[in-house]
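Below is one structure, written out as structure tokens; comments come after it.
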Amino acid sequence: MGMSGSHIASVRAFYANKANANTGTACRRPLEGKQRGLPEGLKMLRAELDKQGLQAIPIVAPETCEWSPYREKGGGHDYKDKNPDKPTNGFLDGDNMRYMRSIADDPEALKALGIFSTQTYGQGVTLEEQAIAARHRKPYWVTMCWLNAKDRDPCFGPATAGAILSDLNHGVSVWFYWMQGYFWNLWKKNMKSAEDIELFPNYFFATAITESFQIGAVFRRSSLNPPQPTPDMHFNFERPHTIMSATARNPDGTWSVAILNLSGAFIQMGACKFDEAAGKTLTVAVNIEELKGAKPLVFKLRSVRGAAKEITPGQDVRMKQGACTVNVAPMEMIVMKSEAPAEF
């Protein structure tokens, strides 16, 4: 399993010094990628953590890597491998579902687990994975996402936003991205100045989302009509969507909506390209069933586009009977947040 006594000791030491910290320990890559060993490992790790007085430390698993569409080229970080049956990262296509099922089928392993998790690289969380976590009332985290695109590609930021919105639509409550800027010069200067930090465009897309959706927001199931290629807007390099969207009710009663236009985008691992001729401004009709009987709501709109490193305010949007219409340019994401809670 890769969980040594020294690692547990370091977890214990950290927890002792940070009494109010929420910490977790990851359980990933069972021996030779065999999902059968994971339930036993979870139970062993839980018992050892409890023995060390670390009952409050949750276990995050299975931490598998889902790669798309480079599985045919070997998978893993070295996706140029010539043997797709033995990828360098030790995982095969669909392993995440197999690992999750192996945990769910073992009551004691399920009890030992704190949080379901995966790392996604072009393959978002699926409806089936969401259902397993929801059925057993376990949180779902994406602990790593990376598109490995060129830092300044005009669709790098939009592609990252697509991955975020898809996973929010599929029950993910905590989401990590690998890197959103260059910090090398800052490290060289021993953290004396932040002047040399270069933020990537995806930072601004992620910021727009986190500033619109409050912590604790409850996401509604968003669907696309017509369903091209899937109604749940699942993010997958092999089946790219033109429109991605997410909607949630915030803890203070306000509502937030994000809509992304990926028309003209060509997204693959290591290559995010934008075909300007294929990009089209789209008129999107938003319908929130839950607000059909509500009084008119005014939404504050902001947008971020392509490689631009800024979030710009837009014209207010008025929603009546839970419906409104917005125009979204290619490679643009708009985020809308209501000025007040809905009244009926």
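The values are calculated or read from the model by the stated rules, or taken from the named source; none is laboratory data. Not measured: the values here are computed from a predicted model. Heads up, the Cβs are rebuilt from the backbone with ideal geometry, glycines too, and the neighbour counts pull from every protein chain shown.
Structure values in brief
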item	result
Candidates L282, L297, L301, filtered to the one that is over 24 Å from A163 (Cβ atoms), over 21 Å from the mean Cα position of the chain (by Cα) and of a type in the set (A, V, I, L, M)	L297
Residue within the range 206-217 that is surrounded by fewer than 17 Cβ atoms within 10 Å (Cβ to Cβ) and of a type in the set (A, V, I, L, M) present	yes
One residue from M336, M319 being under 23 Å from F235 (Cα atoms) and either within 23 Å of the chain's Cα centre (by Cα) or not in a loop (DSSP other than H, G, I, E, B) (or both)	M336
Pairs where the first residue, in the range 314-338, is under 10 Å from S303 (Cβ atoms) and the second is aromatic (F, W, Y), C-beta under 8 Å, 6+ apart	M333/F205; M336/F299
Single residue of the range 248-277 satisfying the filter (farther than 30 Å from C65 by Cα and surrounded by fewer than 12 Cβ atoms within 10 Å (Cβ to Cβ)) that is nearest to the chain's Cα centre (by Cα)	P251
Test for M269: is it in contact with a Phe, Trp or Tyr (Cβ under 6 Å, 6 or more places away or on another chain) and at pLDDT below 95	yes
Residue in the range 286-293 that is in contact with a helix residue (DSSP H, G or I) (Cβ under 9 Å, 6 or more places away or on another chain), buried (at least 17 other Cβ atoms within 10 Å of the Cβ), aliphatic (A, V, I, L, M) and without any contact (Cβ under 8 Å) to a residue 60 or more places away in the chain present	no
Test set (1) over 22 Å from D167 (Cβ atoms); (2) part of a loop (DSSP other than H, G, I, E, B) - P251 fails condition number	(1)
Selection within the range 209-264 - within 17 Å of M336 (Cβ to Cβ) and of a type in the set (D, E)	E211, D252
Filter pass, G114 being under 14 Å from the mean Cα position of the chain (by Cα), under 25 Å from R221 (Cα atoms) and not hydroxyl-bearing (S, T, Y)	no
Qualifying residue in the range 197-207 (condition: modelled with pLDDT of 85 or more and not in a helix (DSSP H, G or I))	no
Qualifying residue in the range 79-93 (condition: outside any loop (DSSP other than H, G, I, E, B) and either within 25 Å of H170 (Cα to Cα) or modelled with pLDDT of 90 or more (or both))	no
M319, sole failed condition from (1) crowded, with 19+ Cβ neighbours inside 10 Å; (2) over 27 Å from P201 (Cα atoms); (3) touching a Lys or Arg at 6+ places or on another chain (Cβ under 9 Å)	(3)
Qualifying residues in the range 162-177 (those that are farther than 12 Å from G124 by Cα and not in a strand (DSSP E or B)) - the one modelled with the highest pLDDT	F176
Check on M331, of a type outside the set (S, T, Y), on the phi > 0 side of the Ramachandran plot and crowded, with 18+ Cβ neighbours inside 10 Å	yes
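To keep it simple, each residue is scored yes or no on (1) hydroxyl-bearing (S, T, Y); (2) in contact with an Asp or Glu (Cβ under 8 Å, 6 or more places away or on another chain); (3) at positive phi.
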| residue | (1), (2), (3) |
| --- | --- |
| D275 | no, no, no |
| G293 | no, no, no |
| F299 | no, yes, no |
| G306 | no, yes, yes |
| K309 | no, no, no |
